[in-house]
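This report concerns only the one structure given below.
The values are calculated or read from the model by the stated rules, or taken from the named source; none is laboratory data. Remember, it's a predicted structure, so these values are computed and weren't measured experimentally. We place every Cβ from the backbone using ideal geometry, glycine too, and count neighbours over all the protein chains shown. In case anyone asks, the SASA skips ligands and DNA or RNA and just uses the protein heavy atoms, side chains included. Shrake-Rupley method; radii C 1.70, N 1.55, O 1.52, S 1.80 Å.
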Amino acid sequence: MRIATLSLNPAIDQTARIPSFTAGRVNRVEWEQSDAGGKGVNVASFLADAGIQVAATGLFGSGNIEPFLELFSRKGIDDRCVRLAGRTRVNVKIADPVLDQVTDINFPGLSPAAADLVRLTKTLDQLLAKIDWLVLSGSVPAGIPDTIYAELIDQLQARGKQVLLDASGAPFAEAVTHGPDIIKPNIDELAELVGRPLTGPAEVLDAAMSLIDSGIRLVAVSMGPDGAVFVEGDAAVHAIPPTIQVKSTVGAGDAMVAGILTGTARGLDLADRARLATAFSLGALGEVGPHLPPMSVIDDFATRVQIKTLK
Ligand SMILES: Nc1ncnc2c1ncn2[C@@H]1O[C@H](COP(=O)(O)OP(=O)(O)OP(=O)(O)O)[C@@H](O)[C@H]1O
Ligand SMILES: [Mg+2]
């Protein structure tokens, strides 16, 4: 199974540890780390850690592309980046170990020009000849219409490719009716989509089943520490993670996306895919940056995930 991920709005995640962070004051950084990131890059990085061949494409600022190139070459990720003038945005995460909270400061990112989009279309076109799956994930930058994922899904389906969609807001709502093969909203993204609050696995199951009826094959709804509900056809499971020590929540959902695809590549049934996908998330939660621990650790996590059959 050959996979590519698309990053329309990648980011460099800069994590700064500041004990007792206080707004409106001078705060001293105790430790910092910078990681190439953004959802598509994270998914590619996790897949590479799992030994799956993956290509990364998208719109990257040439002014600070080094961390991405370094990650791609270190992990053997096929670099299909389209380079834009300017710098990829830096998202700042202030981790406060005393108050045990993370403050996110997310910048808007580059606005691609029409010529950049033409180059992206060409790159995607060439890439499509070589892949079975495209992962569409993350936000859409200013200047690209909210219908972009919907349009891409139509084109991909016309060429017999499969799509995993992990987006939110308008681009997600526009695309979901075009029948992506797999979606992985979190509970808030699903609630926004169906237009009602969702509390607990039973309500999530109901909402997810209404999407299966619209042509999507697998709906995975993640619920943070409460685990995730996976619905496929008329079967559904709730995967409940063990309690673990969280180092960073960055990319927990992206790791789940990578785990779902790895489970699909291995031909696992729904329960075992849910187990593996949750284990990938648990692996990501123990690392800073989009990295998994060795697969032996992932396999051990998988045995500790509890699977409840819902349907
Ligand atoms: N504190 C936690 N303890 C145990 N497992 C967790 C915790 N937080 C997340 N997980 C696991 O990670 C999965 C994905 O997390 P979450 O629902 O937060 O994804 P998300 O909101 O899509 O995140 P992202 O910011 O990466 O998009 C959950 O379904 C769960 O299995
Ligand atoms: Mg997410």
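Quick look at the values:
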{"quantity": "Space enclosed by the convex hull of the alpha-carbon atoms of the chain, per residue, Å³", "calculated": "133 Å³"}
{"quantity": "Length gained when the stretch T309-S73 is fully extended (0.36 nm per residue, less Cα-Cα span)", "calculated": "80.9 nm"}
{"quantity": "Protection proxy ranking of 22-29, 290-297 - average other beta-carbon atoms within 10 Å, highest first", "calculated": "290-297, 22-29"}
{"quantity": "Ellipsoid semi-axes in whole angstrom, largest first, where each is sqrt(5λ) of the Cα gyration tensor of segment 1-147", "calculated": "30, 18, 12"}
{"quantity": "Estimated dipole of segment 115-233 in Debye, rounded to 20 [Cβ of Lys and Arg +1, of Asp and Glu -1, Cα centre]", "calculated": "480 debye"}
{"quantity": "Accessible surface of segment 74-178, 1.4 Å probe, proportion on carbon and sulfur as whole %", "calculated": "54 percent"}
{"quantity": "Within the chain, percent of DSSP bridges classed antiparallel, to nearest 5", "calculated": "45 percent"}
{"quantity": "Cut-off 11 Å between beta-carbons: net charge of the residues surrounding K184, Lys and Arg +1, Asp and Glu -1", "calculated": "-2"}
{"quantity": "Sorted largest first, extent of segment 218-311 alpha carbons per principal axis (Å)", "calculated": "37, 25, 20"}
{"quantity": "Viscosity 1.002 mPa s, temperature 20 °C, Stokes-Einstein D of segment 107-192 from Kirkwood C-alpha radius, µm²/s", "calculated": "158 µm²/s"}
{"quantity": "The chain - charge dipole about Cα centre, Lys and Arg +1 at Cβ, Asp and Glu -1, debye rounded to 20", "calculated": "560 debye"}
{"quantity": "Accessible area per residue, Å², the chain with all protein chains present, probe 1.4 Å", "calculated": "43 Å²"}
{"quantity": "Distance from segment 127-182 to segment 15-42 (C-alpha centre basis), Å", "calculated": "31 Å"}
{"quantity": "For segment 1-66: Kirkwood Rh in Å [reciprocal of mean 1/r, alpha carbons]", "calculated": "13.9 Å"}
